[in-house]
Amino acid sequence: MAELTKQDIKEVVIGVIDPFAKAVQKDFDRVNGRLDTVDGRLGRVEQRLDNVERDVAWMKEHTSELFKKLDDLISLFKRHEEEIAILSAQVRELTDRVAKLETRR
């Protein structure tokens, strides 16, 4: 029987490992392709989050102005309610006086 040389062993190992290495490389290439797709989607998500953050910052910046205007509107509404109550009382008072004057005739 012939003796195995280092070259023979090397060729056998390469013959066994080479198809495995090619299959692994093919899998890595497929995974890299999928990761590239995920990276693209993550880039779009990051951009959308940046837009949301900008919108939230704008809202935080302007909410105090909105609340001040709401407070002014509520104050105005309360004043109008008070004025209507006063005018209603005056109208009742005048109606009562007119009714008394008409009954004296």
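Read the figures in this text as sums done on the coordinates, not as results from a lab. Everything numeric here is computed off the predicted structure, so don't read it as measured data. Neighbour counts run over all protein chains shown; Cβ positions are idealised from the backbone, glycine included.
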In nm, the gap between the two label points placed 7 Å beyond Cα toward Cβ at PHE28 and SER88 is 8.4 nm
I'm spelling it out carefully: the read-out is Rg and Dmax of the Cα atoms in Å, the candidates are (i) 14.3, 53; (ii) 15.0, 55; (iii) 43.5, 149, and one was derived from this structure. Which label? (iii)
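So if each residue of separation counts as 0.36 nm, and I subtract the Cα-Cα distance between VAL38 and ARG97, what length gain in nm does that give?
Details: separation 59, 0.36 × 59 = 21.24 nm, distance 8.34 nm.
Result: 12.9 nm gained on full extension.
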Long-range share for the range 52-93, i.e. C-alpha pairs more than 15 Å apart as a percent of all pairs, stands at 61 percent
Charge dipole of the range 10-77 about the Cα centre (unit charges at C-beta), most positive-ward option of VAL56, LEU70, GLY40: GLY40
Over the chain, how many pairs of lysines fall under 20 Å by alpha carbon, counting only those 8 or more apart in sequence or from different chains? 5
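Work out the length of the dipole vector of the range 1-89 about its Cα centre, built from +1 on the beta-carbon of each Lys and Arg and -1 on the beta-carbon of each Asp and Glu, and round it to the nearest 20 debye. Provide the component values of the computation, followed by the final result.
Values: 15 positive and 19 negative charges, 48 e Å.
Using only the charged Cβ atoms, the result is roughly 220 debye.
Give a quick list of GluC sites (Glu not before Pro) in the range 1-91 that DSSP marks as loop, anything other than H, G, I, E or B, with at most 12 other Cβ atoms within 10 Å.
Working: sites: GLU3, GLU11, GLU46, GLU53, GLU61, GLU65, GLU81, GLU82, GLU83; in loops: GLU3.
In loop regions of the range 1-91 (DSSP not H, G, I, E or B), the sparsely surrounded GluC sites (Glu not before Pro) are GLU3.
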